[in-house]
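In what follows, a structure is listed as structure tokens, so that the remarks can point back to it.
The values are calculated or read from the model by the stated rules, or taken from the named source; none is laboratory data. Predicted model only: the values in this text are computed from it and were never measured. For neighbour counting, all protein chains shown are included, and Cβ atoms are generated from backbone atoms with ideal geometry for every residue, glycine included.
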Amino acid sequence: MRQLRLGIDIACRAPHQASLADETGKFLWTGRRFRTDVEELEALWAGLPDDSEITVVIEPTRNAWVPLASWFRRKGATVVMVPSEQSADLRDYYSKHTKSDRLDSKLLPRSHCCTPRASTHSSTSARPSRSVGRRGCARAS
């Protein structure tokens, strides 16, 4: 069974962006946009290979991560949350002056494979501490 990582950059107001990487970090696709809507989530899930074990890697942004984590867990995926500082450090490493949702969605699945700091949460009741990040979005840390 293939081990795949779905990195999702969770947006506060815009569509989320997702990228899918295999266990080596090679991308199968990048930059898919979707909203937290059953039809769009189902379409995203249908685009994943059937013979795969899926790990969803997210930054816990505001409360927007809760319904996504719950939905993916019900589908059988493992959900891993990466601290904001960790993804920011990796983003800086890959691109000194570029910030984009697409880049973040590509970095999240890679960050999970190269660091033990990411935490797997088995319950959506876990409440990360929050601080206010860019554009006024509350961000978990």
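General observations
- Taking the listed residues A14, A64, A77, A43, the one that is farther than 13 Å from S105 by Cα and free of Cβ contacts under 8 Å to residues at least 12 places away in the same chain is A43, with no other qualifying.
- Verdict on W45 being among the hydrophobic types (A, V, I, L, M, F, W, C) and either under 12 Å from the mean Cα position of the chain (by Cα) or under 15 Å from R73 (Cα atoms) (or both): yes
- Inclusion of L48 among residues that are part of a loop (DSSP other than H, G, I, E, B), closer than 17 Å to L4 by Cα, at pLDDT 80 or above and not acidic (D, E) is warranted.
- Scanning the stretch 46-67 for residues that are out of contact with any helix residue (DSSP H, G or I) (no Cβ under 8 Å at 6 or more places or on another chain) and hydrophobic (A, V, I, L, M, F, W, C) gives A46, L48, A64, W65, V66.
- Hits in the stretch 28-45 (condition: in contact with a helix residue (DSSP H, G or I) (Cβ under 8 Å, 6 or more places away or on another chain) and part of a loop (DSSP other than H, G, I, E, B)): T36
Residue-wise test of (1) buried (at least 16 other Cβ atoms within 10 Å of the Cβ); (2) β-branched (V, I, T); (3) at pLDDT 95 or above.
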residue: V56; (1), (2), (3): yes, yes, yes
residue: N63; (1), (2), (3): no, no, no
residue: W71; (1), (2), (3): yes, no, yes
residue: A77; (1), (2), (3): yes, no, yes
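- Lone unmet requirement of (1) modelled with pLDDT of 95 or more; (2) surrounded by fewer than 16 Cβ atoms within 10 Å (Cβ to Cβ) for E23: (1)
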